[in-house]
Structure formats: structure tokens, C-alpha cells
Amino acid sequence: MDEHDTPDEQAVLRSTTALHGDDGDISRARRLAAGFLIRSQDEDGLPVSRPAVDLIRLVVTELVTDARKHAPGPATMELRITDGMMEIGVWDVDPVLPVARAADAGRLGQHGLEIVMAVAHSSEARRESAGKRVTVRIPLADDPGEALPGHRSL
């Protein structure tokens, strides 16, 4: 569900999605994030670059994959746009905070958090009363003039 904050507050576009721990969560989360960006551009005129969309899809994939892998069960993904940034928050039931492993070119897999930290403007992981939330911020426009093909740009 998308909502706008009251006029007295900073304009924030928001979408929250329940993830049920099934096999379709990852691809559904990617589609929802891309659709949210397209709607934000079409309906609100926000500039969104193609590289930003690709990075956001990658980050959503990694965060939701980690939630499924390390905390099977329910999770939520919250998308927020504010100050030219997409904030992606994924909550899951496991209270253990993720830790990036040391770089190792010979290691197969388990590079997701390293990748997320490398492409994010900022990231945070914190425990909550139940579980944890990992939040990542990605700039929406590398070049404000570069919009998604076929969509309006400012």
C-alpha cells in the first residue's frame, strides 16, 4: 500500500509488503520495487536513473535472499523515497545482525552483504523488539536527466 505523509511532514513515498517465506518472495520483491519506482516517476515526477533501478533490484534481491536464508518465516520489505534516495528496509524474525565477511576472491557465494555495502549510499542493521531490520539507502538518479525509457523525467 502506498501512502503520502501529511503536508506538514517531509514528502515521503512509501510501500510496505509482507513476505511469507515462500519461493516467490525474492522475484515478487524485485518486481514490487521496480513497479514502485516506475509509479513514483510517472505519478510524482521523480527522476530515476536506469543504474539506480538495477542497483535497487540487486539490493532487494540480496536483502530478501538473506532474510529467507537466515530467518525462514515471515518478513516485511518497506520501500521509502525521500531526499532523492530509495530506502529499502527488510525486517525478519532473526535477531542476529548480519556481518560482512572478509573479502575472499576464492569463496563461492556469501558475498551478498559485501555487495550491498559496496553499492549503498548508507546501510544500517539494528535489532528490534522482535527480530532485526536491515536498511539500505540508494540514490535514485546518477544523472537527474537520465530517466527510465518510456517514462517521464523532470
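The numbers here are math on the coordinates, done by the rules we state, and not lab data. This structure is a prediction, so every number in the text was calculated from the model and none was measured. Cβ sites come from the backbone with ideal geometry, for glycine too, and all protein chains shown count toward neighbours.
Which whole-number percent of Cα pairs in the stretch 2-139 have a distance greater than 25 Å? Could the numbers behind the result be given before it?
On the way: 2392 of 9453 pairs.
That tail contains 25 percent of the Cα-Cα pairs.
Do you know the relative contact order of the stretch 2-139, to the nearest whole percent, from alpha carbon pairs under 8 angstrom that are 6+ apart? Let's see the in-between values first.
Numbers: 218 pairs, mean separation 32.7, N = 138.
Across the stretch 2-139, relative contact order equals 24 percent.
Could you tell me which of ALA33, ILE115, LEU55 has its Cα farthest along the dipole of the stretch 2-139 towards the positive end, charges placed at Cβ (Lys, Arg +1; Asp, Glu -1), taken about the Cα centre?
About the Cα centre, the residue reaching furthest to the positive side is ILE115.
Note down the magnitude of the dipole of the stretch 2-139 about its Cα centre, charges +1 on Lys and Arg C-beta and -1 on Asp and Glu C-beta and zero elsewhere, to the nearest 20 debye.
Details: 17 positive and 23 negative charges, 117 e Å.
The calculated dipole for the stretch 2-139 is roughly 560 debye.
In nanometres, what is the gap between the two model label sites at LYS69 and ALA102, each 7 Å from Cα along Cα-to-Cβ?
Simple spin-label model gives 2.0 nm for this pair.
Once phi is turned into ³J(HN,Hα) by the Karplus curve 6.51 cos²θ - 1.76 cosθ + 1.60 with θ = phi - 60°, what whole-Hz value does each residue of the stretch 78-94 show in order, with x for glycine and proline?
Result, ordered by residue: 10, 10, 9, 10, 7, 6, x, 10, 9, 9, 10, x, 10, 9, 9, 7, 7 Hz.
Of the listed peptides 56-67, 88-99, 13-24, what is their order by residue-averaged count of other C-beta atoms within 10 Å, with the highest listed first?
Values: 56-67: 21.7, 88-99: 17.6, 13-24: 14.0.
Those peptides, ordered most packed to least, come out 56-67, 88-99, 13-24.
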